[in-house]
């Protein structure tokens, strides 16, 4: 009898010890969300509960966008690619319906740091080595795999980002073969040649001013935040044009930017559905 009681005590104590302990910094993963969810597709804007519930509701894809902080024309903010991605990835995720957007990766290869080459010759540019860039992308992907996303989509708005994303996607696809999570690189997303032809076919003819800026870039940025292209300052200086194309009236150029963003999002959504089978 005593032996049986002792055994029961051990079993009870072991069970008690195994019970999960929750705290303010380690809450119960199954806690009920106490308020209505925010209507956003951006991971960094959501709470962990909102992301958990969005995944349960079918959002099984996460988009990891890569931008950059680099010198551009005399009118454009260094974060050009990041501002553009903010607009395009939101439109893209909403078109897909089953996707969230990871924080835009702002730091990418932009040239050698010391001695400086390429964009690094200009103040404000931030560059990573290819090794650091790929390592960062890999660990971001690993995080979303841990959280249970079925599809991880890599896409970027700058040329120097492409090879690293492709290499990471290929490497992780091989390592994770047979698992739940798939990694996809959408190289076709970076197609400014195609975008330029698309706007030209609709009557926008440009003559290059060779200043790392153009109508397609500027109008997308205008649609997201006019201050990033120094709209007021350019109007005051009578320089509110690009490559021989006037940007006035601003409302018309902003509508062009929205149109280009929607066009890019539509094409990308089609490609992502194709590769994910969604």
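Read-outs: derived from the displayed coordinates by stated rules, not from any lab. Bear in mind that the values here come from a model prediction, so they are computed numbers and not experimental data. Heads up, the Cβs are rebuilt from the backbone with ideal geometry, glycines too, and the neighbour counts pull from every protein chain shown.
List of remarks:
- Convex hull (Cα only) mean projected area of region 56-102, reported in nm² to one decimal: 3.4
- The chain: angle of helix 80-96 to the longest principal axis, Cα-based, in degrees nearest 10: 60
- Tail fraction, Cα-Cα pairs, region 130-273, threshold 23 Å, whole percent: 48
- Approximate spin-label separation residue 227-residue 56, in nm, with each point projected 7 Å along Cα-to-Cβ: 3.9
- The radius of gyration of the Cα set in region 177-217, together with its Dmax, comes out at 16.7, 50 angstrom.
- Crossing angle, helix 2-18 versus the chain [Cα axis fit, 0-90 degrees, rounded to tens]: 10
- Placing one equal scatterer on every Cα of region 172-256 and applying the Debye formula, the log10 ratio I(q)/I(0) at q = 0.21, 0.26 Å⁻¹ is -0.99, -1.40.
- Anisotropy class of region 57-176 from Cα gyration tensor, a/c 1.5 cut: oblate
- Beta-bridge orientation, region 49-203: approximately 5 percent antiparallel, per DSSP, counting only bridges with both partners inside.
- Peptide packing: for 154-160, 222-228, the average count of neighbouring Cβ atoms within 10 Å per residue gives the ranking 154-160, 222-228, highest mean first.
- Expressed per residue, the C-alpha convex hull volume of region 219-278 stands at 85 Å³.
- Modelled FRET efficiency - R0 41 Å, residue 40 with residue 163, Cβ distances, 0.05 increments: 0.85
- Between the helical axis of 162-175 and the longest alpha-carbon principal axis of the chain there is an angle of about 20 degrees.
- Distance between modelled label sites at residue 135 and residue 255, nm, 7 Å Cα→Cβ extension: 5.0
- Region 48-127: translational diffusion in µm²/s, Stokes-Einstein, Kirkwood Rh over Cα pairs, 20 °C, 1.002 mPa s: 150
- Short-range pairs are left out: with C-alpha atoms under 8 Å and at least six residues apart, the relative contact order of the chain is 19 percent.
- Our note on the geometry: Cα centres of region 16-75 and region 119-154, 18 Å apart.
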